[in-house]
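No value in this document is a laboratory result; all are computed from the given coordinates. Remember, it's a predicted structure, so these values are computed and weren't measured experimentally. Note that each Cβ is placed from the backbone with ideal geometry, even for glycine, and that neighbours are counted across all protein chains shown.
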Amino acid sequence: MTDKQARPLIVVEDLAKTFVLHNADQAIIPVFERLRMAVLPGECLVLAGESGAGKSSLMRSIYGNYLPTGGSVKVLHDGDYVDITTASPNQVLEVRRRTLGYVSQFLRVIPRIPTLQLVMEPLLENGVGKDEARARAETLLTKLRLPIRHWDLPPSTFSGGEQQRVNIARSFIREYPVMLLDEPTASLDGENRAVVVELIREALGRGAAMIGIFHDQDVRDAVATRLFPVADFKAAA
Ligand SMILES: Nc1ncnc2c1ncn2[C@@H]1O[C@H](COP(=O)(O)OP(=O)(O)O)[C@@H](O)[C@H]1O
Ligand SMILES: [Mg+2]
């Protein structure tokens, strides 16, 4: 559901990223340059390109984990564009709290916090009441088919696939307007991948803008509204 009238939720302009390896004689690794993209509400732009093309570097630059060498990453937050590359750390945190979500491949396990609590937390942080937060967490965990007996346990002893589903629940519960998905289905089986595809489509249906990396061709075909070949912006070595 692409709304042609809408403003893009992400606008990337002239983005460049070069790594300098200080422990390898200042070796320079140019990744991309003059990279531009705009993502509208309801669009899921899938980053394409072989390993080493710069997909993860682009994603981390957009999230503000990597400082790009040049260019801007503007995210529509509360009606105004915030440039992630120049925003203060507090502004970046605020944008991440309410607008820009990141689903990584791994759960950063928080010790001793039971799963249900962990999934409710993002909503509680945003001021949602406890009962509603609990109900929504239970709905998501059920949808993601995480056995009820796991809900009161911390996820530290769960299998990789179970941890990933907790991670996905924790990310999707907030219904972010903009989401970055870094191989969220990497360690899931077919049925669970289908659930994640459904969650992504629901989010697109309510107007979220997404940028994703998916190795699984079926997932890619099911969610992509557009492919973005990162290698087209390869920087000269
Ligand atoms: N933190 C880093 N330090 C130095 N070089 C890096 C770093 N991250 C990525 N690179 C290099 O940048 C290039 C792109 O990597 P990456 O963004 O991980 O590609 P992809 O995700 O498409 O496989 C590679 O040549 C990689 O070695
Ligand atoms: Mg990568």
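For (1) crowded, with 16+ Cβ neighbours inside 10 Å; (2) in a helix (DSSP H, G or I), each residue gets a yes or a no:
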{"residue": "Arg149", "(1), (2)": "no, yes"}
{"residue": "Asp152", "(1), (2)": "no, no"}
{"residue": "Gln163", "(1), (2)": "yes, yes"}
{"residue": "Asn167", "(1), (2)": "yes, yes"}
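Restricting the search to the stretch 45-87, which residues are part of a loop (DSSP other than H, G, I, E, B), more than 9 Å from ligand 2 (Cβ to nearest atom) and in contact with a Phe, Trp or Tyr (Cβ under 8 Å, 6 or more places away or on another chain)? If you could, list the steps in order and put the result at the bottom.
The initial filter retains those residues of the stretch 45-87 that are part of a loop (DSSP other than H, G, I, E, B), namely 49-54, 64-69, 78-79, 84-87.
If we keep only those that are more than 9 Å from ligand 2 (Cβ to nearest atom) too, we end up with 49-50, 64-69, 78-79, 84-87.
Residue satisfying the conditions is Ile84 alone.
Within the stretch 97-108, at least one residue is more than 16 Å from ligand 1 (Cβ to nearest atom) and assigned to a strand (DSSP E or B). Any chance the stretch 158-180 includes a residue that's in contact with a strand residue (DSSP E or B) (Cβ under 7 Å, 6 or more places away or on another chain) and within 16 Å of ligand 2 (Cβ to nearest atom)? Looking for residues that are in contact with a strand residue (DSSP E or B) (Cβ under 7 Å, 6 or more places away or on another chain) and within 16 Å of ligand 2 (Cβ to nearest atom), one finds at least one in the stretch 158-180, hence yes. Checked against (1) more than 16 Å from ligand 1 (Cβ to nearest atom); (2) of a type outside the set (A, V, I, L, M, F, W, C); (3) assigned to a helix (DSSP H, G or I); (4) over 23 Å from Lys130 (Cα atoms), Asp232 passes all but a single condition, namely (1). Only one of the numbered conditions (1) surrounded by fewer than 20 Cβ atoms within 10 Å (Cβ to Cβ); (2) assigned to a helix (DSSP H, G or I) is violated by Leu116, and that is (1).
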